[in-house]
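Below: the structure, in structure tokens.
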Amino acid sequence: MMDIIIKQWLINSLLILISVMGIVSLQSPFLKISDEKISDNEYRKIEKKEKLQLTLMGKIPSLGFDNLIADFIYLNFIQYYGDTKAREITGYELLPQQFETIVNRDPRFVSAYFLLEPATTLFAGKPQVSAKLITQALEKVKPTQTLAYQLWLYKGILQILFLNDLEGAKYSYTMAADWARQENTESSLNSALLAESMVKFLQKEPDNRKITGSAWLTIFLNARDEQTREIAREEINKLGGKIEVKGNFITVKFPES
């Protein structure tokens, strides 16, 4: 019986290795020319190959290797997102598909969402897709999983800034506080207090500029990359606000009407 199990594991491992090797081979043109000057047309060809690779990664049988596939896609996402020259030519079209494939393969891959969500929302311009995928992930993630409560914070921000759903945002921040308390670490308990404060703020604050500015400030503070941080700063400036730092406190100030 044990021999059969080992043999099946070896077969599964070999199949997934062959699949991944075949997909990696699609990247070889990019690897060969990465140090050379690339034409606009070549960038577009690479984009098509990357899309084909991503589609294959979403369809191949997992054979128990969903986490490995999700990790592979995330590494590709980091490379894709960070390739500024290529994105100037082709845009960020693949971001939503990368996000969706990772959620489908490994919805508990929470740490990946902290780049995937703002990238998909702000650079691919797909906040509705981000909200749908965050909601999908929340159905699979346990409240006690490390940093899982932050997914509710991200959803609340999306509801305020892009979905015009303040009631939904109140619920999201309430859930964020609840999950943060269940995680029960010093950092999560501090986040619970902030989320609860945000619920009260949404209930009482009549000035939509301040509500929107607070949401952009949250993006600014949690951004994992400078591009996202700069977008948040610009949006706050457009609202007439200004980010102020006093000691350990960072706030958005608006001139009095």
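The values are calculated or read from the model by the stated rules, or taken from the named source; none is laboratory data. Only a predicted model underlies this, so the values are computations on that prediction, with no experimental measurement involved. Positions of Cβ are backbone-derived with ideal geometry, glycine not excepted, and every protein chain shown enters the neighbour counts. These area figures cover heavy atoms from the full protein model, side chains too; ligands, DNA and RNA do not enter into them. Shrake-Rupley method; radii C 1.70, N 1.55, O 1.52, S 1.80 Å.
In this structure, does Asp35 turn out to be open to solvent by 30 Å² or more (accessible area, probe 1.4 Å), more than 30 Å from Ile160 (Cα to Cα) and at pLDDT 90 or above? Explain how you work it out, then say what you get.
Working: open to solvent by 30 Å² or more (accessible area, probe 1.4 Å): yes; more than 30 Å from Ile160 (Cα to Cα): yes; at pLDDT 90 or above: no.
When the stated conditions are applied, Asp35 does not pass them.
Scanning the stretch 230-257 for residues that are surrounded by 16 or more Cβ atoms within 10 Å (Cβ to Cβ) and among the charged types (D, E, K, R) yields Arg233, Glu235. A Cβ distance below 8 Å, combined with a sequence gap of six or more or placement on separate chains, defines the contacts here; from the stretch 237-257, residues that are aromatic (Phe, Trp, Tyr) reach residues that are at pLDDT 90 or above and not in a strand (DSSP E or B) in the pairs Phe254/Gly213; Phe254/Leu239; Phe254/Gly240; Phe254/Gly241.
This table checks each residue for (1) within 24 Å of Leu115 (Cα to Cα); (2) at pLDDT 95 or above.
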site	(1), (2)
Ala180	yes, yes
Pro206	no, no
Gln227	yes, no
Ile250	yes, no
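Tell me the residue from Glu93, Glu117 that is of a type in the set (Asp, Glu), more than 9 Å from the chain's Cα centre (by Cα) and either closer than 24 Å to Trp216 by Cα or buried (at least 22 other Cβ atoms within 10 Å of the Cβ) (or both), please.
Just one listed residue meets the conditions, Glu93.
Considering only the stretch 55-66, I want to know if a residue exists there that is open to solvent by 10 Å² or more (accessible area, probe 1.4 Å), over 20 Å from Leu133 (Cβ atoms) and among the small types (Gly, Ala, Ser). Yes, the stretch 55-66 contains a residue that is open to solvent by 10 Å² or more (accessible area, probe 1.4 Å), over 20 Å from Leu133 (Cβ atoms) and among the small types (Gly, Ala, Ser). The set of residues from the stretch 151-173 being within 16 Å of the chain's Cα centre (by Cα) and open to solvent by less than 20 Å² (accessible area, probe 1.4 Å) comprises Leu151, Gly156, Ile157, Leu158, Gln159. Residues of the stretch 67-90 that are open to solvent by 60 Å² or more (accessible area, probe 1.4 Å) and of a type in the set (A, V, I, L, M, F, W, C): Leu68, Leu75, Ile78.
Glu42: open to solvent by less than 40 Å² (accessible area, probe 1.4 Å) and at pLDDT 90 or above, yes or no? Taking the combined requirement at face value, the residue does not satisfy it. Residues that are within 24 Å of Gly91 (Cα to Cα) and charged (D, E, K, R) were ranked within the stretch 120-150; the one that is surrounded by the fewest Cβ atoms within 10 Å (Cβ to Cβ) is Lys132.
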